[in-house]
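Novice: Take this structure first; my questions come after.
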Amino acid sequence: MTTTAERTYGCTDLPGLMGLMTGAEKHGPAATSTLDVLWVLYDRVLRVGPERTDDPERDRFLLSKGHGPMAYYAVLAAKGFLPVGWLPGFGSYDSPLGHHPDRVLVPGAEIGSGSLGHGLPIAVGTALGLRAQGRTDPAVWVLTGDAELDEGSNHEAIAYAGPAGLDRLHTVVIDNSSASHARPGGIAARFEVAGWSAETVDGRDHEALYTAFTTPHPGRPRVVVARVEPKNA
């Protein structure tokens with residue numbers, strides 16, 4: 001539960017908040033597949049809030065899966081980062097809530113996203129930057145889609161982060177069976193062979209997600225593959 005200046009919001013309020021956004025959403029499955037992961041992260045894991053968006057010791061959350069951002073906006077509104085009154089304007093010409101999040105316009109957004117394949121490499125760079133500054137407390141989280149992993153930039157980021165021992169880096173992959181290319185052993189195995197700590201869980205089970213998100217992984221980056229219903233089911 002989160003109390004904003006307007007009222008208190010919980011997870012059960014998210015569908016209603018998403019329902020306020022009536023702008024034409026071009027990526028319906030993407031808009032709903034991330035909902036449970038986002039709520040568990042913002043409600044129970046991330047050390048960040050509306051009052052800490054400029055705090056250098058805050059956790060960083062990067063939404064790489066930026067197309068279909070309705071769930072992201074709903075969670076940010078529920079947590080008080082942006083006014084609920086902004087939601088009905090989603091996708092309109094003069095709204096800060098576009099079809100891809102804009103870090104300049106959306107309070108709490110760390111990156112502009114939607115062009116798939118960039119979030120994980122940026123997260124690797126963010127983790128390296130924090131390490132260079134001597135900041136060992138902030139965690140870096142990035143949420144990607146399974147199809148994004150087809151992008152070559154992610155191959156490089158995965159291969160680099162494990163040997164670099166970026167243990168403050170966490171990736172959540174939403175697996176809705178939309179990737180073009182199958183991988184032997186599945187998504188988690190791809191990260192494991194590169195030195196990551198990996199786990200696959202039900203992407204709708206909040207307790208399973210929380211446990212996976214908070215599992216210790218000393219010396220290694222962490223990936224959690226969150227399986228949800230197939231995109232075209």
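Novice: To the nearest 20 Debye, how big is the dipole of the chain about its Cα centre, given +1 on the beta carbon of each Lys and Arg and -1 on that of each Asp and Glu?
Specialist: 260 debye
Novice: Give the residue from PRO96, THR136, THR53 lying farthest towards the positive end of the charge dipole for the chain; charges sit on Cβ (+1 for Lys and Arg, -1 for Asp and Glu) and the dipole is referred to the Cα centre.
Specialist: Comparing the listed Cα positions along the dipole, THR136 ranks first.
Novice: Using a 1.4 Å probe, what is the accessible area per residue for the chain, in Å²?
Specialist: I get 43 Å² per residue for this part.
Novice: Percent of accessible area on region 59-138 owned by carbon and sulfur, 1.4 Å probe?
Specialist: 55 percent
Novice: Please list the non-local residues whose amide H lies under 5 Å from the amide H of ALA198, H modeled 1.01 Å from N, same-chain partners needing a gap of 5 or more.
Specialist: VAL223
Novice: So for the chain, averaging the separation of alpha carbon pairs under 8 Å that are six or more residues apart and normalising by length, what relative contact order in percent results?
Specialist: With pairs under 8 Å counted, the relative contact order is 19 percent.
Novice: Related question: Tell me, what is the FRET efficiency for TYR210 and THR12 to the nearest 0.05, using R0 = 25 angstrom and their Cβ-Cβ distance as r?
Specialist: 0.90
Novice: Also, quick follow-up: Compute a Gaussian network model of the chain, connecting alpha carbons closer than 10 Å, and tell me which residue from GLU207, GLU192, GLU148 fluctuates the most.
Specialist: Answer for the Gaussian network model of the chain: GLU207.
Novice: Give me the Debye-computed log₁₀ of I(q)/I(0) at q = 0.12 Å⁻¹ for the chain, equal point scatterers on Cα only, no solvent, two decimals.
Specialist: -0.61
Novice: Still on this structure, please answer the following. Using modelled amide H (1.01 Å from N, peptide plane; none on Pro or chain starts), what sits under 5 Å from the amide H of LEU82, excluding residues fewer than 5 places away?
Specialist: Amide H neighbours of LEU82, under 5 Å, 5+ apart: ALA77.
Novice: Given just the C-alpha atoms of region 84-125, how large is their convex hull per residue in cubic angstrom?
Specialist: Working: hull volume 3.2 nm³, N = 42.
Enclosed volume per residue, from the Cα hull, is 75 Å³.
Novice: Sequence-distant or interchain residues sharing an amide H contact under 5 Å with GLY145, placed H: which?
Specialist: Answer set, sorted by chain and number: LYS65, ILE174.
Novice: Take the chain, connect every pair of alpha-carbon atoms lying under 10 Å apart with a spring to form a Gaussian network, then pick out the residue of ALA198, ALA127, ALA164 with the largest mean-square fluctuation.
Specialist: Among ALA198, ALA127, ALA164, the largest GNM mean-square fluctuation belongs to ALA164.
Novice: If you look at just the Cα atoms of region 96-233, how large are its Rg and its Dmax in Å?
Specialist: 14.8, 46
Novice: Please list, by residue number, every one of the trypsin sites (Lys or Arg not before Pro) in region 192-232 that is coil in DSSP and has at most 11 other beta-carbon atoms within 10 Å.
Specialist: For trypsin sites (Lys or Arg not before Pro) across region 192-232 that sit outside H, G, I, E and B with at most 11 neighbouring Cβ atoms in 10 Å, the list is empty.
Novice: Helix-only estimate, please: 222 nm mean residue ellipticity of the chain, summing -39500 (n - 2.57) across DSSP H runs of length 4 or more and dividing by its residues, to the nearest 500.
Specialist: Taking each H run of at least 4 residues, the total per residue is -8000 deg cm²/dmol.
Novice: Given a cut-off of 18 Å, what percent of all Cα-Cα pairs of region 112-164 lie beyond it?
Specialist: 31 percent
Novice: Another one. Please give the contour-minus-distance gain from ARG131 to ASP55: 0.36 nm per residue of separation, less the Cα-Cα distance, rounded to one decimal in nm.
Specialist: Result for the pair: 25.8 nm of gain on full extension.
The values are calculated or read from the model by the stated rules, or taken from the named source; none is laboratory data. What you see is a predicted model, and the numbers here were worked out from it, not measured in a lab. Please note: Cβ atoms are built from the backbone with ideal geometry, for glycine as well, and neighbour counts cover all protein chains shown. These accessible areas exclude ligands, DNA and RNA; they are computed on the full protein's heavy atoms, side chains included. Shrake-Rupley method; radii C 1.70, N 1.55, O 1.52, S 1.80 Å.
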